[in-house]
Every structure is written in C-alpha cells, then in structure tokens.
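Heads up, the thing below is written out as structure tokens.
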Amino acid sequence: MREVLSGNEAVARGAWESGVKFASAYPGTPSTEILENVVKYKEIISEWAPNEKVAFEVAMGASMAGARSLVAMKHVGVNVAADPLMTWAYTGVNGGFVLVSADDPGMHSSQNEQDNRTFARFAKIPMLEPSDSQETRDFTSLAFELSEEYDTPVLLRMTTRTCHAKGIVDLKERHEVGLKPYKKQFDKFVMLPAHARPRRLVMEKRMAKLAEYAEKSDLNFIEHHGDRTVGVITSGVAYQYVREAVPEASVLKLGLTNPLPMELIRRFCAEVEKVVVVEELDPILEEQIKAAGLAVHGHDLIPNIGELNTDIVRRSLNGGGSLPAPATEAAPGLPGRPPVLCPGCPHRGIFYAFRKLRCIVTGDIGCYTLGASPPLKSMDSCICMGASIGMGLGMTTVLEDEKQKNRVVAALGDSTFIHSGITGLVEAVYNHRKATIVILDNSITAMTGHQENPASGKSLNGREAPKVDIEALCRACGVEHVKVINPLNLEETLSTLKEELAYDGISVIITRYPCIIADRSVWHQPLVVNTEVCDSCGVCFKVACPGLEKDQDGDKTRINPLLCIGCQACLQTCKQGAIQTREEHS
C-alpha cells in the first residue's frame, strides 16, 4: 500500500510500524504534527508534556521499562532536553529510543537556526538524516533497530522541508514488539561517578562499532552519473537540491551522518577530481572530512546562513561563489505583510495597555510575541521559553531609575508559564524581588496550532484532563497579589496594570479569555462605523486590529465585516462613539 505523506506523518507511521509503545512531545513548529499523527495510532500511548525535558524523561522511563519510545521536539527544544540527553547517551537504553529533532534553517518560525547535528556529536550518539518522506519512514524504523542493537538513543534529524514536504511512501503493517524484560541494572542506569566512568568507555566502543557499520550500511551510498569532474558529498534534504541542481554530478549520499564512514568518503574523493560538501548550516561534515586530511570545498562555495534551495546550490556549484540565502521579503511592488494578532485576539487588550503605560516588557515565545510589531510595539525582548520572568527580574534588580524600574513587566502565555515560567516565579518570591508578571491565559497552545496543555483541561487525545489552576499555583508559590481580568475590557486592564505596577512586591495578573480561533463561542456580530460621527482621529487604529481599515477616500475608519468578530476593543477607544454595534447603528 502507498500513501502521500509529509515527513512528520512518515515519522508517525514509521514509529507505529516499528511497534512503538510510547511517544511524548512538546509542540513546536516544525515538529508539531508528529505527535498529532502518532495519536491516531491507538496502539501507541501518546502525550503532550509540559516541556521537552519532561517529554524526554518520561520517554526515558518507558524505554527503561522495555518499551520502544519516541520523543519529538523542534530544534530549540533539544536545548531544554539536553540535560537528560547527555547522560542517557552514557546509560544506553532498554527498549529502543529515538529523539526527533526538527531543525528550522531559515528561521521560518524560530528565534534561531541552530544546527542540531552538533548535538549528535556532542552526546556521542548515532544520527540519521532522511531526505524525503519515504526515507523518513524507513529511517524511523531503522533508528529503533539501531538503538536496541547498539544500546543507544538515536537522533533522527529533520528540517522544516523534510517535516512538511509530502511524498509517496510505501507502507508496511505494524510489527509488534513486546516489552523487553526489565531488570535492575545499578551500574547501567544509576549514573554515579563510579558508574559513569566505565560507561564513558562503553560509549567510545559503541561509536567505534557504529563507525564500522557506517562503512557498509546502505544508508551511505555513491551515485555516479557519468561526470566525475565534480563529486558532491551531501545529506538530508540538501541531497534533493543537489540532484536537481547538478544531475550529472557524482554524489556520495550520507544517511548516517554520525559517525561518518571515513573510508567510504576517502574512496569517493579518490574517484572524482573535485569534491564539494553541500550541507545546510554548519560545516559539520566539511570540518570532519578536512580533519581527516581530505581536500574538499564546502562553505567557501555553499552559504552557511539560511535554508538552501535548488537555485542556491546550482549557482554556488556553477561558480557563483558562496551566496547568501534569500531573505524573506515581499514581492517587488507589494507592501510587506508581517503576521499580526488575529482580529479579536484577547492579547490585544493587554498590549494596548502596555503601550499606553509605556511599559518595558520582557516577553516570551508565543503568538503574543506579535505584540512587538507596530503599532503596538510593546515587547522589549523575546529569547526563549520562560525567559520573560527571569529577564524582568534581572532588569528590576539593577535598574537605578525608579521610573524605569516601576514600568518593567514580564509577559508570557499559559502554556509557556507551565513549560518553564514557574521556576522564574519561584525565583522572584525566594529573592524578594519586585515583579509585575502578566500571564496571558487563552487556555490553549495557540502559536503552534491550538494544541492542548495542562492548563486547557484536555489531553492530546481529546479526553478531559485535570486543569492546572494557574491562580492557585501562583499563590502556592508565595504570591499574594494575584488578579484575574478580562483583557478585552480596556478600562479594567489599564487600571489593574497601573495599580500592580505601583505595588512594591510581586504581583501576577492573569488575563483570561479564550483564543478566538479555538473557541468561536466568543464571536459576536461585526461592528460598524457611523461615518457621520467619525472625525478621522485614527485613535482606534492603536489597537492594531486588521479588521480596521480606511475607507475608499483614505479618510474615515471602516470595519471589514469579514474580519471583525465584535470584540469591541476598538469601540472602547472611540471617544466620539462612531464605532457602534449593529443594534446601535440601526
């Protein structure tokens, strides 16, 4: 049987076919759809975790108990899971264990474009890099076999293109794999220094055996297409670009990229006149090959910034030199269309208040990060999950200007707060900091496509789940000032924020209102503008709603009825009463 699958769907299918029993993840583009597809297979216990570290640790426990286990995350999520990863590489596994890292070259939806192939070398674990959906299914299955054969976690490195591109995949039936027997292994799983030292030696022997395997594995192969003038060493989706850009070139295609098959690479280099390493982002392959004494070209021809494509590879290999990856920009003659908060988004109210009170906002990762864009322009930092509270505390600790200090606010979402914001709150209480923290609670993980989280009241499979009481949690951490407001009530939002900024202690404001995409019960009739009353002051545009437009004359405000959901944020800014409900207008 054959189906057209995305890479993420192929990971899920490969996991199911391989007899996987447990899978966990924290949603993050481009990896999100992996668990959303795994959950469709009822034989696999599938869960969203509060963060990537927890997801990794629960999967470790399942593996230790003998189950084949998969954990998936975007590239920056591996930073969060790195602590258990580094030691799990020492212990080895019981049931097969695969970590999927979904990298994001070009930063389509990420704050950096780190190359997580470095993690495989760092942790000393094998790494597979599929180049299309069929290979993704195949490599996922093989990863579990390698994991159990060599007693190691395996890194499956994807990128945005391999995650989201679709291709024809040959499917297989599920191969049931029973739990491997669990037995106490004190010297294997309890990483006291006395146990870790001999396990370190085991790691080196394991990598030596994997290097032997890499030399003979079908994952690494040479293709000669008649022309041996130029040979290309490549891996992952870059292989697809090379085959399209220079179909006549000889190619060494690497599927297992840690450890490298150095003897195979030497043989290939001897068979061609000139060798170019084509890889996306860091010179991981290039540096190792050069260190082995082989003369190859790499990033002197191929850019190391941004996502590659066929055109970049073609021009680079045909003498164009190392070309920068194209920046994301509007088509010539058209205005830019940056992403904006949705019409009716409840986050708009608090960001309107941030700007009006000239707050210094240490922000976080979420769709509310769009509050940094004009005209709201109300976010001063966005670094990583949970950083908002810690950064805000650092600012208030050292700022000497009292007016500045009293305008610092940390803002983060409900899912982000649970992910890694709680410890920042504990830090504030423990060290007696002054802090104003705003938790934007829309009861969903909105940015990555409305996934459930521990504060939403549902699990990944849609079942009812205990809902974390964020207000009670904050009080349990020692916060006495906790207030819950409706952020679309602008007067309440402004007055509460002003009051809490003046409080000399720790206060938490929870802005509670559902995401309007996830819960359409909050939609109302579109508003209208009474043009006879509108004086063209433009104040309503300060709420930054895309449903607000200028009329054909470019003068008075017009409300697009196809976009407006009647949240009334703009109505509250109009002092002339020109913006009205339909009942009022009639």
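Residue-level check: of (1) at pLDDT 95 or above; (2) under 33 Å from the mean Cα position of the chain (by Cα); (3) surrounded by fewer than 22 Cβ atoms within 10 Å (Cβ to Cβ); (4) not hydroxyl-bearing (Ser, Thr, Tyr), Ile222 misses just (2).
Across the stretch 120-172, which residue is surrounded by the fewest Cβ atoms within 10 Å (Cβ to Cβ) among those that are closer than 13 Å to Leu210 by Cα and either among the hydroxyl-bearing types (Ser, Thr, Tyr) or in contact with an Asp or Glu (Cβ under 7 Å, 6 or more places away or on another chain) (or both)? Ranking the qualifying residues of the stretch 120-172, first place goes to Tyr150. May I ask you to verify whether Gly577 is open to solvent by less than 50 Å² (accessible area, probe 1.4 Å), modelled with pLDDT of 95 or more and either in a loop (DSSP other than H, G, I, E, B) or of a type in the set (Phe, Trp, Tyr) (or both)? Against the criterion (open to solvent by less than 50 Å² (accessible area, probe 1.4 Å), modelled with pLDDT of 95 or more and either in a loop (DSSP other than H, G, I, E, B) or of a type in the set (Phe, Trp, Tyr) (or both)), Gly577 does not qualify. When Ser521 is tested against (1) without any contact (Cβ under 8 Å) to a residue 60 or more places away in the chain; (2) among the hydroxyl-bearing types (Ser, Thr, Tyr); (3) surrounded by fewer than 15 Cβ atoms within 10 Å (Cβ to Cβ); (4) touching a strand residue (DSSP E or B) at 6+ places or on another chain (Cβ under 9 Å), exactly one condition is not met: (4).
Each row is one residue, and each column tells you yes or no for (1) assigned to a helix (DSSP H, G or I); (2) in contact with a Lys or Arg (Cβ under 8 Å, 6 or more places away or on another chain).
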{"position": "Gln111", "(1), (2)": "no, no"}
{"position": "Leu142", "(1), (2)": "yes, no"}
{"position": "Glu173", "(1), (2)": "no, no"}
{"position": "Leu179", "(1), (2)": "no, yes"}
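Only one of the listed residues (Glu549, Glu532) is outside any loop (DSSP other than H, G, I, E, B), surrounded by fewer than 19 Cβ atoms within 10 Å (Cβ to Cβ) and among the charged types (D, E, K, R). That residue is Glu549.
In the stretch 285-303, what residues are in a helix (DSSP H, G or I) and without any contact (Cβ under 8 Å) to a residue 24 or more places away in the chain?
Within the stretch 285-303, the subset in a helix (DSSP H, G or I) is 285-291.
Correct list: Glu286, Glu287, Lys290, Ala291.
Scanning the stretch 266-275 for residues that are assigned to a strand (DSSP E or B), touching a residue at least 40 places away in the same chain (Cβ under 8 Å), over 29 Å from Asn112 (Cβ atoms) and open to solvent by 20 Å² or more (accessible area, probe 1.4 Å) turns up at least one hit.
What are the residues in the stretch 432-476 that are open to solvent by 60 Å² or more (accessible area, probe 1.4 Å), assigned to a loop (DSSP other than H, G, I, E, B) and either farther than 24 Å from Arg348 by Cα or touching an Asp or Glu at 6+ places or on another chain (Cβ under 9 Å) (or both), if any? Of everything in the stretch 432-476, those that are open to solvent by 60 Å² or more (accessible area, probe 1.4 Å), assigned to a loop (DSSP other than H, G, I, E, B) and either farther than 24 Å from Arg348 by Cα or touching an Asp or Glu at 6+ places or on another chain (Cβ under 9 Å) (or both) turn out to be His432, Arg433, Asn461, Arg463, Pro466, Lys467.
The values are calculated or read from the model by the stated rules, or taken from the named source; none is laboratory data. Remember, predicted model here, so these are calculated numbers, not experimental data. All Cβ positions, even for glycine, are placed from backbone atoms using ideal geometry, and neighbour counts span all protein chains on display. The area values use the complete protein model at the heavy-atom level, side chains included, leaving out ligands, DNA and RNA. Shrake-Rupley method; radii C 1.70, N 1.55, O 1.52, S 1.80 Å.
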